Amino acid sequence: DYGYIKRTEGADGDHVDVCIGPDHQSDHVFVVDQHDHRTGRFDEHKVMLGYRTQSEAEHAYRAGFSDGKGHLRMKKVVAMPMAKFKLWLKHCNTKKPVKSQSNIERALSVTSLYSLGHDRDAG
């Protein structure tokens with residue numbers, strides 16, 4: 001199945017796209033930085049849910065292009081658990097490429113520290 005995640009905005013101005021695979025119990029999320037295969041410029045993210053492994057998600061992503069150029073569009077792929085993916089959607093820039101897992105980890109840890117301090121101060 002293919003669709004989008006409501007209340008999000010991707011680099012193309014539409015909702016963030018999502019492809020749902022066969023394993024609905026999987027906690028793994030694979031975020032693909034999709035680039036224009038002609039220019040090499042970042043286009044948008046494709047989120048792959050419902051896959052057990054990154055290899056399965058990448059295979060499904062490539063198979064989704066009838067022109068056979070999925071491998072040229074797929075650049076960085078970042079794996080994360082669902083909880084971190086939800087934080088990424090909420091707190092990170094979904095209009096720019098996911099450059100590395102460590103960048104996400106830093107952003108989420110800062111967000112988590114802020115949230116802990118903010119909750120403590122509010123209570």
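General remarks:
- When the helices (runs of 4 or more DSSP H) confined to region 1-106 are screened for residues that are buried (at least 18 other Cβ atoms within 10 Å of the Cβ) and touching an Asp or Glu at 6+ places or on another chain (Cβ under 7 Å), none reaches at least 3 such residues.
- Residue in region 105-122 that is modelled with pLDDT of 60 or more and touching a Cys at 6+ places or on another chain (Cβ under 6 Å) present: yes
- Within the set Phe42, Phe30, the sole residue that is more than 16 Å from Met80 (Cβ to Cβ) and among the hydrophobic types (A, V, I, L, M, F, W, C) turns out to be Phe42.
The values are calculated or read from the model by the stated rules, or taken from the named source; none is laboratory data. If you're wondering where the values come from, they're calculated on a predicted model, not measured in any experiment. Ideal geometry is used to build each Cβ from the backbone, glycine not excepted, and the neighbour counts take in all protein chains shown.
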